[in-house]
Amino acid sequence: MTERIYIFDTTLRDGEQSPGINLNFQEKLDIALQLARLGIDVIEAGFPVISRGDFEGVKMIAEKVKGPVIAGLARATKGDIDAAWNSLKKAENPRIHTFLATSDIHLKYKLQKSREQALQQAVEAVSYAKKFLNNVEFSAEDGSRTDFDYLCQVVEQVIDAGAVVVNIPDTVGYATPDEYGDFIRRIMERVPNMHKAILSVHCHDDLGLAVANSLAAIKNGARQVEGTINGIGERAGNASLEEVIMALYTRKATYNKEVGIDYSQIYRTSRMVSSITGMPIQANKAIVGKNAFAHESGIHQDGVLKERTTYEIMSPELIGLPKINLVLGKHSGRHAFNERLKELGYILSEEELAQAFTRFKDLADRKKDVTDYDIEALVRDQIWTVPERFKLQYLHFTGGSTVVPTATVGLIGSKGLVEEAACGTGPVEAACNAIDSITGIPGILEEYKLNAVTEGKDAQGEVVVKVTVGNLKILGRGLSTDVIEASVRAYVNAINKAAHEIIKHDEVHKGGAVPDGNDNN
Ligand code: KIV
Ligand code: ZN
């Protein structure tokens, strides 16, 4: 029988550790729901002890996402494990994932512990977690750089303590495929009780080898593979799950493994994660990059037209890549618009549809051809947001090489329409200054990205900004055929999200407290 590989997604934990990513509850929940649709086996929803936001995020996902196992990360301490359990306990299928570093370099410099002390702590942590539930995973952080005999001892003893999954991370992305595959094979052979647990791998991409290392490990006995969508994560990121999944599918004869994935959800999941996190996908990225299925050279185009498999090893339809064609215009009706949305994978409520249709009509008045990319951008802009406490009513700006850039902005808030004018080094800064005076929530613009949604002079510009408000780091998104307006909309969106987070934080603060973590790991 073909062996099953379990896919463990840590986009919301290791992925969220990418510099500059900071997701709100709704964004985390939307990603988790999409991961469930994709058929992920285990969703690591966060690191509950690390912050109130993480704790509440894991709790909400545990309550609302049905199907996959929901995991929460915990260092090997009682405080962390308590927090993980408190956030996970309402899940249909919870898992506590506890970890401790085992390499000499981490033991000596980070933990100042002997091997014996760490072994004892790992066993105690697993035994403690087992008091709450059966499904406990243990990770030997920096496992690939850990002394082999000692690592085998740790693996054996945590399995005896009840770990049902043992993970051997290549935490710093140092391993190479031959070496790591061999390491995994030797663990499988050496640890006498290995058959009682699933061996898992978790590879980082510092040398660009995370996917290759994960596949080498699967070839040598690993049965769970951890990674993230689009490969986001700490430093150079984690193994890109869509690449691992498609390698297993496309090279079935080589690996002979099964996964529980709905392949048609891959493209959509990737786009959603990129949009929500603000981490763009490079055009030549395997599987989900814009050029992954584009054939530029005449020889290749000719070959593909004669027989697709001459230059295509996977079919774009399999991963749910929509056929991009010119679709709708200003004469298109609501029914056609809704049908197109459904084909693209978006099921909107009546209210959302009405709002999206109005925006589509506005766009069709300004832009001749409305493509699938435009429609997707509209939906992204509309659904991954928060209630608008401040709504952009109008924007006027002047700029040029011989005038001081000035902007006048009108925002509708709880006090009705408030207007302000301000100057800046350019019209975007001028408008942001005016917005700060109106809202009283000053933001610092840390990052700014502008992307043309389609080709052509009338293309919509999609702006993503990262804004710091106090100690919050917020991502804002704005869309318009006018790039200054798109920039201002992105900034207002970030300020709205900040206001939402501040109010939500105050509400949570008045409610129950999050258990305290013990920071001695
Ligand atoms: O990279 C790593 O070692 C980790 C562990 C916490 C699993 O992310
Ligand atoms: Zn990691």
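The values are calculated or read from the model by the stated rules, or taken from the named source; none is laboratory data. Treat the numbers as computed from the prediction; the structure is a model and nothing was measured. Reconstructed Cβ throughout: ideal geometry from the backbone, glycine too, with neighbour counts over all protein chains shown. Just so you know, the surface numbers come from the protein's heavy atoms only, side chains and all, with ligands and any DNA or RNA stripped out. Shrake-Rupley method; radii C 1.70, N 1.55, O 1.52, S 1.80 Å.
DSSP finds beta bridges in the chain, and of those with both partners inside it, around 50 percent are antiparallel. Evaluated on the stretch 3-277, the Kirkwood hydrodynamic radius is 18.2 Å, with distances taken between all distinct Cα atoms. Summary of packing: across the peptides 1-12, 243-254, 36-47, the per-residue average of other C-beta atoms within 10 Å ranks them, highest first, as 36-47, 1-12, 243-254. What the stretch 336-470 shows is 51 Å² of accessible area per residue, with the surface traced by a 1.4 Å probe over protein heavy atoms.
Could the peptides 282-294, 222-234 be put in order, highest first, of the mean number of other beta-carbon atoms found within 10 Å of their residues? Walk me through the numbers on the way to the answer.
Details: 282-294: 15.4, 222-234: 26.2.
For the peptides 282-294, 222-234, the packing ranking is 222-234, 282-294.
Summing Lys, Arg as +1 and Asp, Glu as -1, what charge do residues with Cβ under 10 Å from the Cβ of Arg37 carry, Arg37 excluded?
On the way: positive: Arg268; negative: Asp262.
Residues near Arg37 contribute 0 overall.
For the peptides 126-135, 80-89, 159-168, residues were scored by their other Cβ atoms within 10 Å and the scores averaged per peptide; the highest-first order is 80-89, 159-168, 126-135.
If you roll a 1.4 Å probe over the chain with all protein chains in place, what percent of the accessible area is carbon or sulfur? Provide the component values of the computation, followed by the final result.
Working: 11540 of 22740 Å².
The nonpolar share, carbon plus sulfur, comes to 51 percent.
Mind listing the long-range amide H neighbours of Gln460? Cut-off is under 5 Å, sequence gap 5 or more, other chains count too, H placed in the peptide plane at 1.01 Å from N. Residues meeting the criterion, in which the H sits 1.01 Å from N, are Val453, Thr454. Cross-link reach is defined here as a Cα-Cα straight distance under 16 Å, omitting same-chain residues fewer than 8 places apart; for Lys342 the aspartates and glutamates meeting it are Glu317, Glu350, Glu351, Glu352, Asp372, Asp374, Glu376.
What length, rounded to one decimal in nm, is gained on full extension from Tyr394 through to Asn193, with 0.36 nm per residue of separation minus their alpha-carbon distance? It would help to have the intermediate numbers written out before the result.
Details: separation 201, 0.36 × 201 = 72.36 nm, distance 6.77 nm.
Once the chain is fully extended between Tyr394 and Asn193, it gains 65.6 nm.
Compute the acute angle (0 to 90°) between the alpha-carbon long axis of helix 25-38 and the principal axis of greatest extent of the alpha-carbon atoms of the chain; round to the nearest 10°. Tilt of helix 25-38: around 60 degrees. Based on every Cα atom in the stretch 25-161, Rg and the maximum pairwise Cα distance Dmax equal 15.5, 45 Å.
Which loop-located trypsin sites (Lys or Arg not before Pro) does the stretch 335-410 contain, where loop means any DSSP state but H, G, I, E or B and the Cβ has at most 16 other Cβ atoms within 10 Å?
Values: sites: Arg340, Lys342, Arg359, Lys361, Arg366, Lys367, Lys368, Arg380, Arg389, Lys391; in loops: Lys367, Lys368, Arg389.
Here the trypsin sites (Lys or Arg not before Pro) that fit, given the DSSP loop and packing criteria, are Lys368.
To the nearest 10 degrees, how steep is helix 350-366 against the longest Cα principal axis of the chain, on a 0 to 90 scale? The angle comes out at about 50 degrees.
When DSSP beta bridges are restricted to pairs lying wholly in the stretch 3-277, around 5% turn out antiparallel.
What number, rounded to the nearest 500 deg cm²/dmol, is the helix-based mean residue ellipticity at 222 nm of the chain, given -39500 (n - 2.57) per DSSP H run of at least four residues and division by all its residues? Show your work: numbers first, answer last.
Values: 16 runs with 207 residues, N = 521.
Theoretical 222 nm ellipticity from helices: -12500 deg cm²/dmol.
About the Cα centre of the chain, how large is the charge dipole given +1 on each Lys and Arg Cβ and -1 on each Asp and Glu Cβ? Please answer in debye to the nearest 20.
Working: 59 positive and 71 negative charges, 145 e Å.
Here the size comes out at about 700 debye.
Annotated for the stretch 391-507: lysine pairs at least 8 residues apart or interchain, Cα distance under 25 Å, count 16. Converting phi to 3J(HN,Hα) with the Karplus coefficients 6.51, -1.76 and 1.60 and the offset θ = phi - 60°, the stretch 91-98 yields 5, 4, 9, x, 9, 9, 10, 10 Hz in sequence order, with x at every glycine or proline. Between 0 and 90 degrees, rounded to the nearest ten: what's the tilt of helix 483-510 against the longest Cα principal axis of the chain? Here the helix axis deviates by roughly 50 degrees.
Rg over Rh for the chain works out to 1.00, using Cα positions for both radii and the Kirkwood form for Rh.
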